[in-house]
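Some notes on the structure that comes next.
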Amino acid sequence: FERAFAAYVEAPHCCGVANGLDALHLALRACGVGAGDEVLVPSNTYIATWLAVSQVGAVPVPVEPDPATCNLDPRRIAAAVTPRTRAVMPVHLYGQPCAMDAILAAARAHGLRVIEDAAQCHGARWRGRRPRR
């Protein structure tokens, strides 16, 4: 399954886990997010996104969605960043990828890691590629 899914999402590797919460938890740990850090998350996502941030001791900071897409609004990232912000976690909702060009630009401008939650858009494409979880 892992090899087949890696090929499907065009990733070099895939590690199967029990659920999306576990996947996000591992991604946050791999990025070094921990106690006292802040992670920007969509205000309208499934609770697992927020729980994963809490599991590593970090604080989820809600960012309102873009009314046109219901995905995280990249124009609101800068206002949510504080000196403790370490990452932004866009969640690709309803089968549509987030505005990743703008999210990546905002993350670069503030030195943030980007951890994508693509659990709700398998098969969707952004710039010709499938988002990876």
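The values are calculated or read from the model by the stated rules, or taken from the named source; none is laboratory data. Here the structure is a predicted model, which means the values were calculated and not measured. All Cβ positions, glycine included, derive from the backbone under ideal geometry; neighbour counts span all protein chains shown.
Pull up the range 71-84, narrow it to residues that are surrounded by fewer than 19 Cβ atoms within 10 Å (Cβ to Cβ) and of a type outside the set (A, V, I, L, M, F, W, C), then point me to the one that is nearest to residue 31 (Cα to Cα).
Out of the qualifying residues, it is 84.
Restricting to the range 90-103, what's the tally of residues that are in a helix (DSSP H, G or I) and within 21 Å of residue 58 (Cα to Cα)? Give the steps one after another, and end with the answer.
Quick first cut of the range 90-103, residues in a helix (DSSP H, G or I) only: 100-103.
Among the residues that remain, those that are also within 21 Å of residue 58 (Cα to Cα) are: 103.
Total meeting the criteria: 1.
Condition first: surrounded by fewer than 15 Cβ atoms within 10 Å (Cβ to Cβ), outside any loop (DSSP other than H, G, I, E, B) and either aliphatic (A, V, I, L, M) or modelled with pLDDT of 95 or more (or both). Can you find one or more residues in the range 112-126 that meet it?
No, the conditions are met nowhere in the range 112-126.
Could you list, in sequence order, the residues of the range 1-31 that are outside any helix (DSSP H, G or I) and either under 26 Å from residue 78 (Cα atoms) or of a type in the set (Ser, Thr, Tyr) (or both)? Steps first, please.
Our first condition is that a residue be outside any helix (DSSP H, G or I); within the range 1-31, this holds for 1, 9-19, 31.
Correct list: 31 only.
For residue 71, are the conditions met, namely being more than 23 Å from residue 126 (Cα to Cα), without any contact (Cβ under 8 Å) to a residue 40 or more places away in the chain and not β-branched (Val, Ile, Thr)?
On the way: more than 23 Å from residue 126 (Cα to Cα): no; without any contact (Cβ under 8 Å) to a residue 40 or more places away in the chain: yes; not β-branched (Val, Ile, Thr): yes.
No; evaluated as a whole, the condition is false for this residue.
Of the residues 52, 68, 87, only one is surrounded by 21 or more Cβ atoms within 10 Å (Cβ to Cβ) and not in a helix (DSSP H, G or I); which?
Values: 52 fails: not in a helix (DSSP H, G or I); 68 fails: surrounded by 21 or more Cβ atoms within 10 Å (Cβ to Cβ).
Step by step, each of 52, 68, 87 is checked, and only 87 is surrounded by 21 or more Cβ atoms within 10 Å (Cβ to Cβ) and not in a helix (DSSP H, G or I).
Sort out which residues of the range 32-49 are assigned to a helix (DSSP H, G or I) and touching a strand residue (DSSP E or B) at 6+ places or on another chain (Cβ under 6 Å), and write them in order of number. First the steps, then the outcome.
Step one: of the range 32-49, the residues assigned to a helix (DSSP H, G or I) are 47-49.
Once the filter is applied, which keeps residues that are assigned to a helix (DSSP H, G or I) and touching a strand residue (DSSP E or B) at 6+ places or on another chain (Cβ under 6 Å), the range 32-49 yields only 49.
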